[in-house]
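The structure follows.
What follows is calculated from the coordinates using simple rules that are stated; it is not laboratory data. Every value quoted in this text rests on a predicted model; they were computed, and no experiment measured them. Positions of Cβ are generated from backbone atoms using ideal geometry, with glycine treated the same way; all protein chains shown enter the neighbour counts.
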Amino acid sequence: MTAFTTANLKDRIMRDGLSQKLKKTLRDIADSVEAGIDTTASAAEINNVADVSARVQELTATGTVTTGVQSVELNHATVAAAATIADSSNHEGLFIVKDTSASGTAAHSLTLTSGTFDGTNNKATMNAPNEALVVYFDSAGNGTIVENVGSVALSSV
């Protein structure tokens with residue numbers, strides 16, 4: 001088997017009957033490889049972005065949501081889990097809070113110390129399994145509700 005080189009790739013592009021657009025794309029890729037790929041991201045930064053395990057946090061009792069988490073699951077059938085987010089700008093992008101209890105009507109809640117879900121309300125309360133709130137937080141921590149699944153109650157505290 002022939003070793004891969006940019007010269008081999010360019011030769012194969014010219015020899016094979018590929019579409020013009022594909023030929024151009026492959027030539028661009030070969031030129032990029034030949035020129036070298038430069039990145040300023042460290043291995044730790046790349047690993048952090050690729051690690052989806054830290055994006056979801058489950059709380060079964062009152063607690064603080066870890067900075068950067070994108071989804072919070074509140075889970076307890078009889079005891080209300082009261083979650084708190086210190087600053088919603090630390091959860092920029094699509095954010096979900098969901099009652100994942102198998103049963104029960106405990107009034108689980110998520111309170112934002114800084115920021116709002118919709119410009120006014122900073123507390124969301126769920127009291128039934130599978131109720132959920134999907135919110136988009138911008139870089140300033142201002143939320144826009146994308147979907148209120150079930151009857152998540154919103155209030156200002």
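Arranged by the count of other C-beta atoms within 10 angstrom, fewest first, what order do T67, T62 take?
Values: T67 10, T62 13.
Ascending Cβ contact count within 10 Å gives the list T67, T62.
Obtain the nm distance between the two label points defined at T60 and N90 by a simple spin-label model: each point lies 7 Å from its Cα along the Cα-to-C-beta direction.
With each label placed 7 Å out from Cα toward Cβ, I get 2.4 nm.
Under the Karplus relation 6.51 cos²θ - 1.76 cosθ + 1.60, θ = phi - 60°, what is the ordered set of whole-Hz ³J(HN,Hα) values for the range 64-70, x standing for Gly and Pro?
Using θ = phi - 60°, the values come out as 9, 7, 5, 3, x, 5, 9 Hz.
Then there's this: Could you work out the Rg to Rh ratio of the range 99-153, with Rh taken as the Kirkwood radius (inverse of the mean 1/r over all Cα pairs)? Let's see the in-between values first.
Details: Rg = 11.5 Å, Rh = 11.6 Å.
Result: Rg/Rh = 1.00.
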